[in-house]
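All remarks here apply to the structure that follows.
Just so you know, all these numbers are worked out from the coordinates, no wet-lab data involved. As the structure is a prediction and not an experimental result, all values here were calculated from the model. In this analysis, Cβ positions are derived from the backbone assuming ideal geometry, glycine residues included, and neighbour counts consider all displayed protein chains.
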Amino acid sequence: MYPHERSLVKRLKDKPFALIGVNSDSKERVQEAMKKNDITWRSFWDGGGTGGPIATKWGVRGWPTIYVLDHKGVIRFKSVRGEAMDKAVDQLLAEMD
């Protein structure tokens, strides 16, 4: 999963795109994973449990959960990965032009 996200961030570095992670593991585990997996995008810690405030507000029921939001903050895609995530992001960027 992380290699794909890294490639997406790199490919879209000059586009109006942001990848944001939310993690519910312990702080130590999050820090270790960020270093080990070269996570360079913003990532928030959600309290160290599955019932954290971010997961609760967004209705997250399983991990990982992926939401793709448009430039207005509207969830347009959910649970897309790999090529489907690329297509979703590319579609939203094209709609902005």
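Observations on the structure shown:
- Altogether, the Stokes-Einstein calculation at 10 °C and 1.306 mPa s, with the Kirkwood radius of the stretch 2-92 over Cα pairs as Rh, returns a diffusion coefficient of 113 µm²/s.
- Under 21 Å, Cα to Cα: Lys pairs in the stretch 1-76, sequence gap 8 or more or different chains: 9
- Between 0 and 90 degrees, the angle of helix 2-11 with respect to the longest Cα principal axis of the chain falls at about 40 degrees.
- Cα-based helix-to-principal-axis angle, 82-96 vs the chain, degrees rounded to 10: 50
- For E28 and V80, a Förster radius of 41 Å and the Cβ-Cβ distance give a FRET efficiency of 0.85, rounded to the nearest 0.05.
- For a label point 7 Å along the Cα-to-beta-carbon line of Y2, residues of the stretch 34-50 with backbone N under 18 Å: 34-46
- Within the chain: Cβ-based charge dipole about Cα centre, in debye rounded to nearest 20 (Lys, Arg +1; Asp, Glu -1): 140
- Rounded to the nearest 10 degrees, the angle from helix 27-36 to the longest Cα principal axis of the chain is 50 degrees.
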